[in-house]
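The values are calculated or read from the model by the stated rules, or taken from the named source; none is laboratory data. These numbers were taken from a predicted model, which means no experiment stands behind them. Cβ atoms come from the backbone with ideal geometry, glycine included; neighbour counts cover every protein chain shown. To get the accessible areas, we keep the full protein, side chains included, count just its heavy atoms, and leave off ligands, DNA and RNA. Shrake-Rupley method; radii C 1.70, N 1.55, O 1.52, S 1.80 Å.
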Amino acid sequence: MKEIVKDNIINYELIKIRQNTPVLEYLKRKNFSFTLKQVPPETLEQLKISDNPIDMEYGNLVAGYGPRKGNSFRSSGGLKISDPNKSINGSFIIEDTRIIYCALQPFYEERDTIVYDGTVFYTSMSMLELLKEELNKRRQYLIYMGQKLNGYVLEDQFVEVSKSELLEYAQTPKKGEHVLSKIRHY
């Protein structure tokens, strides 16, 4: 069983998730919007037994989910994960049929981050662990490379990669920095 903790404002609730169920899929099914904060294992243990609210540091957001603000994958909302320590650029946008790595910014720095202001959950899982769970479902893996002007319309440009290549972007900061330097802006 995997364990996460739900912040009920006045107390904390331990939630056990079956080993074969991805944490983000579980949270998405049960919540209209949420944020998932990464905490050290010791803090997670304290939260599991605490009867009173614990003063928590703001930040450390590893995942967020909320209603989409537009049709573009880059709009606020949807299911997104980022490295709370900012050692990996950007976000991984997780959709039903594809996972897109966008090196531009972590999801928690988006202008409309209010769409993720739902229930707060805590986990000791890392961004990489959460991403690996999502890779078990068959999807297309894409790297966002900016936009191209096609007549009067801007079109998003992607490079399709393998599952192992996508994982490299979650583990190697230089890969994201390289993509960031290549993204076309109009």
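The angle separating the long axis of helix 173-182 from the principal Cα axis of greatest extent in the chain is about 40 degrees. Close amide H contacts of residue 158 (hydrogens built in the peptide plane, cut-off under 5 Å, sequence separation of 5 or more or a different chain): 145.
Summing charges over all other residues whose Cβ lies under 12 Å from the Cβ of residue 93, with Lys and Arg as +1 and Asp and Glu as -1, gives 0.
What you get for the chain, charging only the Cβ of Lys and Arg (+1) and of Asp and Glu (-1), is a dipole of about 680 debye around the Cα centre. Holding the Cα-Cα limit at 32 Å, pick out from 2/175; 148/174; 6/148; 28/175 the pairs that are longer than that. Over 32 Å apart, Cα to Cα: 6/148.
In the elastic network of the chain, a GNM with C-alpha springs shorter than 10 Å, the most mobile of 116, 152, 65 is 152.
Accessible area per residue was computed with a 1.4 Å probe on protein heavy atoms; residue 97 scores about 100 Å².
Average accessible surface for the chain: 55 Å² per residue, computed with a 1.4 Å probe over protein heavy atoms with every protein chain in place. Within the set of other residues whose C-beta is less than 13 Å from the C-beta of residue 105, count the net charge using Lys and Arg as +1 and Asp and Glu as -1. Every neighbour counted, the sum reads 0. When the chain is treated as a GNM, springs tying every alpha-carbon pair under 10 Å, which of 133, 45, 57 comes out with the largest mean-square fluctuation? Among 133, 45, 57, the largest mean-square fluctuation in the Gaussian network model of the chain belongs to 57. Spatial offset of the range 87-130 relative to the range 131-173 amounts to 14 Å, using the alpha carbon center of each. Checking (i) 11.8; (ii) 10.9; (iii) 13.4 against the coordinates, the calculated mean projected area of the Cα convex hull in nm² falls under label (ii).
Which residue, 173, 106, 84, tops the fluctuation ranking in a GNM of the chain built on C-alpha contacts under 10 Å? Most flexible of the set in this elastic network: 173. Just the protein heavy atoms count here, and of the accessible area of the chain at 1.4 Å, carbon and sulfur take up 47 percent.
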